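Accompanying notes for the structure given below.
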Amino acid sequence: MEEAAEYHSKDFEWDFLKNIVENDPSLSHHLHHQQQHNNDSQKYLQDPHPWQKFHSRHSSGKFFKERRYLLKEFPELVSCGENSNLLEVGCGNGSTVLPILRGNKNITVYACDCSSEALVRTKENIDLAIDTAENFHSFCCDFSMSEFPDWVACDRCRGNFMLNHSEGSEGMRVNYKCSLNDRCIGGVDFVTLIFTLSAVPKERMPRAIKECFAVLKPGGLLLFRDYGLYDMTMLRFEPEKLIGFRQYVRSDGTLSYFFCLDTVRKLFTDAGFIEVELENCCVKAVNRRKGKNMYRVWVHGKFEKPF
Ligand SMILES: C[S@@+](CC[C@H](N)C(=O)[O-])C[C@H]1O[C@@H](n2cnc3c(N)ncnc32)[C@H](O)[C@@H]1O
């Protein structure tokens, strides 16, 4: 039921919700750039540990929910060529990598997270669900502050992608392999950013997206899904949880940003991407017990690294 709800994207027009929210005085603290933000905001922006604590706390596996709708949302993850590879950034407990590994046995999946606990959770969930996953590899990395390791795309690969393209055909792109460094996989065909960018401090997002751009092959796709502006979970935050415009801190110290389409468009095109798809997914659910409508908003995006 929930899976279908997350996939179907047009229960209502986003402007309808915008109208309600922007005309409700009790929600006015969510709207203004100049809102007084939490005095401790710098502390939250610097602290790398909340996600590690989060994943240690949620070690039972109960928190895990496979994103089964993902392959419907991004069908290229199934239809891509045999030697394709993918980097899932901020893999959490594996909710995104698992449906991909199940749906396409020929894709190689790399996954990273800033929390080593998350990597353990992901591995446990894969081991439970799939017999062997030799095509899965994970590593620890905070992509908002450091580069992905050199074996994803070495300096020479990053610099030579343009050169490679001008000489290359579609086939060469897919099969591209670093000729200098045996360990380097020569970049990836896909990067998935699924509910990860919203956890990064807003001022570090441009750098983080450039890093994803740097390790994609030309013609490669970045697949994006994250919280949309005025999603129900945004409107539930109390004023003191605001630490910046549209960014909030949860009681466990993790951050959540809520994206409008223009912000996403600017972030990705400034990094060099071409917009392929970008839309709000708007889903209405009803809380029968309370008799209340719940308006969910997610942003769906697909961006290409140009040739
Ligand atoms: C909401 S979870 C999403 C997990 C997964 N992508 C999914 O589809 O369920 C966000 C994940 O991003 C990770 N994360 C947050 N900031 C990060 C950063 N700067 N670098 C790498 N991972 C980060 C967190 O540890 C967490 O596992």
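For the reader, a short list of remarks on this structure follows.
- Residues in the stretch 238-261 that are within 16 Å of the ligand (Cβ to nearest atom) and of a type in the set (Phe, Trp, Tyr): Tyr248, Tyr257, Phe258, Phe259.
- Selected residue [touching a residue at least 24 places away in the same chain (Cβ under 8 Å) and crowded, with 20+ Cβ neighbours inside 10 Å] from Ala271, Ala285: Ala271
- Hey, Lys284 at pLDDT below 95 and part of a strand (DSSP E or B) or not: yes
- Inspection of the stretch 65-78 finds no residue satisfying the criterion of being under 23 Å from Arg204 (Cα atoms), modelled with pLDDT of 95 or more, of a type outside the set (A, V, I, L, M) and part of a loop (DSSP other than H, G, I, E, B).
- Asn125 modelled with pLDDT of 90 or more, more than 9 Å from the ligand (Cβ to nearest atom), open to solvent by less than 50 Å² (accessible area, probe 1.4 Å) and not in a loop (DSSP other than H, G, I, E, B): yes
- Residue in the stretch 262-280 that is closer than 13 Å to Val89 by Cβ, out of contact with any strand residue (DSSP E or B) (no Cβ under 9 Å at 6 or more places or on another chain) and either part of a helix (DSSP H, G or I) or more than 14 Å from the ligand (Cβ to nearest atom) (or both) present: no
- Flag if Glu147 is touching a residue at least 60 places away in the same chain (Cβ under 8 Å), within 19 Å of Ser59 (Cα to Cα) and open to solvent by 30 Å² or more (accessible area, probe 1.4 Å): no
- Long-range neighbours under 7 Å by Cβ, at least six apart or interchain, first residue open to solvent by 50 Å² or more (accessible area, probe 1.4 Å) within the stretch 51-73, second charged (D, E, K, R): Gln52/Glu117; Lys53/Asp252; Ser56/Glu117; Ser59/Arg121; Arg68/Glu3
- Filter result for Arg102 (among the basic types (Lys, Arg), near the ligand (Cβ under 10 Å from one of its atoms) and either open to solvent by 20 Å² or more (accessible area, probe 1.4 Å) or touching a helix residue (DSSP H, G or I) at 6+ places or on another chain (Cβ under 6 Å) (or both)): no
- Cβ separations smaller than 8 Å between residues 6+ apart or across chains give the following pairs from the stretch 194-213 residues that are closer than 13 Å to Leu255 by Cα and open to solvent by 40 Å² or more (accessible area, probe 1.4 Å) to residues that are assigned to a helix (DSSP H, G or I) and more than 7 Å from the ligand (Cβ to nearest atom): Glu203/Leu45.
- Going through (1) over 24 Å from Cys112 (Cβ atoms); (2) surrounded by 20 or more Cβ atoms within 10 Å (Cβ to Cβ) one by one, Leu221 falls short only on (1).
- Selected residue [hydrophobic (A, V, I, L, M, F, W, C) and either on the phi > 0 side of the Ramachandran plot or open to solvent by 10 Å² or more (accessible area, probe 1.4 Å) (or both)] from Met294, Met234: Met294
The values are calculated or read from the model by the stated rules, or taken from the named source; none is laboratory data. Note that this is a predicted model, so its numbers are computed, not measured. Neighbour counts are summed over all protein chains in view; Cβ atoms, including those assigned to glycine, are modelled from backbone coordinates with ideal geometry. Calculation scope for accessible area: heavy atoms of the full protein, side chains included, ligands and nucleic acids excluded. Shrake-Rupley method; radii C 1.70, N 1.55, O 1.52, S 1.80 Å.
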